[in-house]
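Report on the following structure.
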Amino acid sequence: MKNLKNTLSQPVAAFTKALFVLLFTSLLVSCGDDDEDVVPVAKPTITELEVGAANNKTAHPGMDFHLEATIEAPGKIRDIKVQITPTNSGSGWTFVKTYTGYYAGLKNTSFHEHLTVPADAAVKGYDLLIIVTDELGNRTESLSTFNVVKDATLPTVTSLKMEPSTAGTQVNVTGTVNAPNKIATITVQVQSSAWTRDFTLSDAESVGKTTYALSKSIDISAAPAGHYHVNLKLTDQAGKAITYQVHFDKK
């Protein structure tokens, strides 16, 4: 009887051992297949970069400086860093800012900002570096150059205010426009990721003037809640233009 038990137990043990090996091998193959199915997330991309108005790569002391780019980040944007330094080092305007808030968490966006150039910024060439980092740590850089130049004939707006009303139904725009080459157009763009509208503020009263007291209201009652950029662009009859920007949140 004892020999019979031993005889029966041997096949059972062998079968159990074979089954364990088969299951372990299947597990390894399964894990290997899972690893092969993992697709790496693409790095962020920076395209359609505009440095200065209409990408003229020019900035002016004491004025707003237009910067825009299309950014795509499959891994979602963590932050966007902008760095400005004098070309070939040396003294001059330096600027470093990291943008998160509005842009963080987005997979694609139009990065649109207006930087204030210091009134005493040195007239020379500058390097502009944009660095986009996603939530996975992937990072992409884009380097460009521009010049700071002085131009006493540029149109300007002093005492400018662009403020939403208490009810959030309109934006009130006021200021004094000065245009040595005479006013051609005054336009405003109200922009968010979900809603963008363009408005023309110039009319028969302002076109052709060298000085004009601007006081207009823009209807934004149709705009949904969100974060907005308001860009006022002043163009003179010589084709020179300058843009001013403010931000506001509509609740």
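The values are calculated or read from the model by the stated rules, or taken from the named source; none is laboratory data. Model, not experiment: these values are computed from the prediction. Glycine also receives a Cβ, built like all others from the backbone with ideal geometry; neighbour counts cover every protein chain displayed. For the accessible areas, the whole protein counts, side chains as well, though only heavy atoms, and no ligand, DNA or RNA atoms are used. Shrake-Rupley method; radii C 1.70, N 1.55, O 1.52, S 1.80 Å.
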remark   = Over 20 Å (Cα to Cα) among 57/216; 97/251; 161/216 -> 57/216; 97/251
ask   = Could you sort 49, 67 by accessible area so the largest value comes first, with the probe set to 1.4 Å?
value = 49, 67
ask   = So how far apart, in nm, are the two label points at residue 76 and residue 108 if each is 7 Å from Cα heading toward Cβ?
value = 1.8
ask   = Taking 0.36 nm per residue of separation and subtracting the Cα-Cα distance, what length does fully extending residue 170 through residue 209 add?
value = 11.4 nm
Lys/Arg +1, Asp/Glu -1 at C-beta; region 62-101 dipole; positive extreme among 93, 73, 62 = 73
key: Label-point separation, residue 195 to residue 91 (7 Å along Cα→Cβ), nm   = 4.9
Whole-Å distance, taken between Cα centres, linking region 124-168 and region 87-113 = 8
inquiry  = Explain nothing, just the number: dipole magnitude of region 95-251 about its Cα centre with +1 on each Lys and Arg Cβ and -1 on each Asp and Glu Cβ, in debye rounded to the nearest 20.
reply    = 160
note = Over region 171-251, with neighbouring protein chains present, the accessible area per residue in Å² at probe 1.4 Å is 47
ask   = To the nearest 10 Å², what's residue 112's accessible area with a 1.4 Å probe?
value = 10
ask   = Rolling a 1.4 angstrom probe over the protein heavy atoms, how many square angstrom per residue are accessible across region 34-130?
value = 50
Heavy-atom accessible surface of region 91-179: percent carbon and sulfur, 1.4 Å = 49
